[in-house]
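Any read-out appearing in this document is the output of simple, stated calculations on the displayed coordinates, not a laboratory observation. These figures come from a predicted structure and were not determined experimentally. Neighbour counts run over all protein chains shown; Cβ positions are idealised from the backbone, glycine included.
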Amino acid sequence: MIKTVHPVAGAVALIMILSFWLATVLSELFASPSVIVMVKTMIPWGFVLLVPALAVAGASGFRLGRTWRGPVVARKMRRMPVLAANGVLVLIPAALYLSSKAQVGAFDRWFYAVQAIELIAGAVNITLLVLNVRDGLRLSRKLGR
């Protein structure tokens, strides 16, 4: 069961983070301020699904990795503290800040400075999650043999 739960939770988390990032970029580039406000308001509500998905993916990954050894597992485990710290220390506070600024129409330099930081941090997390998916697929193929 855990071998099914882990990839599903990881996929949900990756898709959500990617959708937050893409919605932000596309709304900033092509949409009206009202759409930007909507996107920035909805992202924190997405945490209701994202945070549990990340917790389940992390917990199940640690449980699976507890008995597995090798460089691929080690790489996945080294990425996790970076992903978690980036999310807790940068992405969640930035999303909450940007949501509050957008809701009052304060699209000032601080909004865009934090927006740039959020996009960079989000791209880092997307990259690390994609690398973890790649390594997870490698592990599942190896274990399936």
**OP:** Report, ordered by the first and then the second residue, all pairs with beta carbons closer than 8 Å, sequence separation of six or more or different chains, a first member in region 96-114 that is farther than 16 Å from residue 32 by Cα, and a second member that is assigned to a helix (DSSP H, G or I) and hydroxyl-bearing (Ser, Thr, Tyr).
**Re:** 114/97
**OP:** Give the residues of region 34-71 that are over 27 Å from residue 112 (Cα atoms) and surrounded by fewer than 16 Cβ atoms within 10 Å (Cβ to Cβ), sorted by residue number.
**Re:** 52, 55, 59, 62, 63, 66, 67, 68, 69, 70, 71
Original post:
Hey, which of the helices (runs of 4 or more DSSP H) in region 35-145, taking only ones fully inside, have at least 2 residues that are over 21 Å from residue 9 (Cα atoms), out of contact with any strand residue (DSSP E or B) (no Cβ under 6 Å at 6 or more places or on another chain) and not hydroxyl-bearing (Ser, Thr, Tyr)?
Top reply: 92-103, 109-144
**OP:** Return the residue satisfying two criteria in turn: it lies in region 72-94 and is closer than 17 Å to residue 56 by Cβ, of a type in the set (A, V, I, L, M, F, W, C) and under 10 Å from the mean Cα position of the chain (by Cα), and of such residues it is surrounded by the fewest Cβ atoms within 10 Å (Cβ to Cβ).
**Re:** 84
**OP:** Among residues belonging to region 56-69 that are of a type outside the set (Ser, Thr, Tyr) and without any contact (Cβ under 8 Å) to a residue 24 or more places away in the chain, point out the one that is farthest from residue 141 (Cα to Cα).
**Re:** 59
